[in-house]
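Beneath this line is the structure, given in structure tokens, with notes to follow.
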2 protein chains.
Amino acid sequence: MARPKSFDPDVALHQAMNVFWRNGYVGTPMPQLTKAMGIHPGNLYTNFGNKENLFFRSLLLYQKGQRIRMVNHIKNSTDDPLTCIKSLIQNIVLQAKEDSDCKGCFTVNTFLEINHHTDRVKEKVVSYFSEMKTTFLNLILQAQKYGQISVYREADGLTAMIVNALVGIHVMLRHPQTVDQSELMLSELLENLR
Amino acid sequence: MARPKSFDPDVALHQAMNVFWRNGYVGTPMPQLTKAMGIHPGNLYTNFGNKENLFFRSLLLYQKGQRIRMVNHIKNSTDDPLTCIKSLIQNIVLQAKEDSDCKGCFTVNTFLEINHHTDRVKEKVVSYFSEMKTTFLNLILQAQKYGQISVYREADGLTAMIVNALVGIHVMLRHPQTVDQSELMLSELLENLR
DNA sequence: TTGTTTGTTGAACGAATGTTCATAAAAGCA
DNA sequence: TGCTTTTATGAACATTCGTTCAACAAACAA
């Protein structure tokens with residue numbers, strides 16, 4: 001009945017995500033996106049709406065990937081809660097460190113551009129962090145139940161510390177020259193969990 | 001002999017700094033700068049070169065202000081080293097919290113735009129962090145000498161933790177909805193210093 | 001084959017970008 | 001009052017921005 005698409009929209013979106021992740025929303029011109037996605041402007045607009053919509057979907061794709069990554073890590077972990085927390089943190093940092101583009105965390109990057117974003121983007125950024133907080137909070141409460149973390153230590157504060165530290169590390173990992181500081185920070189963070 | 005300037009270059013630079021601080025380099029168009037500085041394009045270029053140069057000078061101005069702020073705080077402090085560290089951290093965070101524009105830290109913001117900056121800007125960003133690290137490291141070593149922080153605690157790691165936490169807090173403070181998390185983080189950080 | 005439907009192309013649009021430049025204006029000195 | 005020097009103005013520049021659209025292409029149904 002109709003002509004089939006000559007490209008995979010999922011693949012194209014993935015390419016767009018990587019460009020936005022690396023250069024941000026304001027810093028990414030449309031021609032760079034069409035080039036990376038391998039499609040022409042007109043085709044981009046019929047498939048993805050406009051730049052804001054493409055960015056929004058890129059952010060959703062990134063967050064979905066991270067969510068799955070975290071959930072899987074916890075689900076597949078046969079370790080005790082504390083070890084799971086530590087390995088999860090290491091897993092997140094390792095992912096960022098292995099990225100030769102030093103893109104950091106897409107959500108953190110977007111957060112720093114906050115003034116240029118629409119409300120729905122802002123919302124997704126904020127909800128991502130509260131989601132992350134909830135994940136770590138549950139693990140910490142579990143670790144306290146297991147007696148691995150003192151119950152006299154406030155779980156809320158500890159959660160904030162972990163999430164905050166991860167944000168800081170993701171910032172530092174954007175430049176090769178400050179990678180060593182994030183390394184130090186990571187080991188300090190892991191040792192402080194008890 | 002010649003016509004005097006009709007505006008104060010220092011004041012104009014200060015205005016430019018605030019715009020860049022709030023919206024970033026890529027996110028700030030030239031007309032917004034001329035408007036904020038109260039001068040016309042031609043005048044801007046004869047006085048400040050081009051956009052990159054204006055940004056560079058804005059960053060230098062910001063860093064100079066922060067440097068003075070920190071040095072003065074330490075110099076005027078009559079407290080013991082540990083109290084000085086804590087009050088310095090509180091001072092830095094308070095400054096950011098009092099900013100109704102939620103601009104965060106200019107240097108951190110610039111860091112997240114790193115791909116769009118010239119080498120000399122990158123250099124200033126990196127050196128700012130190592131400077132900050134040195135400042136805190138010296139204070140920590142002093143506190144260890146005073147017996148306020150255990151000598152068995154690695155000063156390097158502690159320093160990285162503080163700087164990293166401050167970076168994270170500055171990110172979180174850019175959006176009103178995540179301010180509470182940075183509050184929790186701050187108290188957690190201050191309590192962990194011993 | 002023809003008709004219908006959907007996908008692809010890339011030239012073109014108006015608006016905005018960073019920057020320049022010819023002209024006018026203001027000050028002190030002759 | 002000229003004359004010289006520095007500054008101020010804002011129109012104009014080429015380029016790039018995000019976006020649109022008319023023309024063309026490919027698939028299937030009839």
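Could you please find all residues in region B:110-138 being closer than 25 Å to A:Leu190 by Cβ and open to solvent by less than 10 Å² (accessible area, probe 1.4 Å)?
B:Phe111, B:Phe129, B:Phe136, listed by residue number.
Just a yes or no: is a residue in region B:41-51 modelled with pLDDT of 95 or more and either open to solvent by less than 20 Å² (accessible area, probe 1.4 Å) or acidic (Asp, Glu) (or both)?
Yes, region B:41-51 has at least one match.
Specify which of the listed residues (A:Lys86, A:Lys64, A:Lys5, A:Lys35) is more than 24 Å from A:Ser182 (Cα to Cα), assigned to a helix (DSSP H, G or I), more than 16 Å from the chain's Cα centre (by Cα) and more than 8 Å from DNA strand D (Cβ to nearest atom).
A:Lys35
Return yes when B:Gln144 is part of a helix (DSSP H, G or I), at the interface with another protein chain (Cβ under 9 Å from one of its Cβ atoms) and among the polar types (S, T, N, Q) and no when it is not.
no
Could you tell me which of the residues A:Val19, A:Val26 is more than 9 Å from DNA strand D (Cβ to nearest atom) and either at pLDDT 95 or above or open to solvent by 60 Å² or more (accessible area, probe 1.4 Å) (or both)?
A:Val19
For the subset of region B:155-166 comprising residues that are touching a Ser or Thr at 6+ places or on another chain (Cβ under 9 Å) and either at the interface with chain A (Cβ under 7 Å from one of its Cβ atoms) or in a loop (DSSP other than H, G, I, E, B) (or both), which member is surrounded by the fewest Cβ atoms within 10 Å (Cβ to Cβ)?
B:Gly157
What residue, of B:Asp10, B:Asp80, is more than 14 Å from chain A (Cβ to nearest Cβ), open to solvent by 20 Å² or more (accessible area, probe 1.4 Å), away from DNA strand C (no atom under 15 Å from the Cβ) and more than 22 Å from the chain's Cα centre (by Cα)?
B:Asp80
What are the pairs, 6+ residues apart or on separate chains, where a residue within region A:39-68 that is more than 20 Å from A:Phe7 (Cα to Cα) has its Cβ under 6 Å from a residue that is basic (Lys, Arg)?
Close Cβ pairs (under 6 Å, with a partner that is basic (Lys, Arg)) amount to A:Leu59/A:Lys124.
Considering every residue within region B:101-109, establish whether at least one is part of a loop (DSSP other than H, G, I, E, B), within 14 Å of another protein chain (Cβ to nearest Cβ) and open to solvent by 20 Å² or more (accessible area, probe 1.4 Å).
Within region B:101-109, one or more residues are part of a loop (DSSP other than H, G, I, E, B), within 14 Å of another protein chain (Cβ to nearest Cβ) and open to solvent by 20 Å² or more (accessible area, probe 1.4 Å).
Considering every residue within region A:15-28, establish whether at least one is assigned to a loop (DSSP other than H, G, I, E, B), within 14 Å of chain B (Cβ to nearest Cβ) and within 12 Å of DNA strand C (Cβ to nearest atom).
Yes: region A:15-28 contains one or more residues that are assigned to a loop (DSSP other than H, G, I, E, B), within 14 Å of chain B (Cβ to nearest Cβ) and within 12 Å of DNA strand C (Cβ to nearest atom).
The values are calculated or read from the model by the stated rules, or taken from the named source; none is laboratory data. As the structure is a prediction and not an experimental result, all values here were calculated from the model. Note: ideal-geometry Cβ built from the backbone for every residue, glycine included; neighbour counts use all protein chains shown. For accessibility, only protein heavy atoms count, side chains too; no ligands or nucleic acids. Shrake-Rupley method; radii C 1.70, N 1.55, O 1.52, S 1.80 Å.
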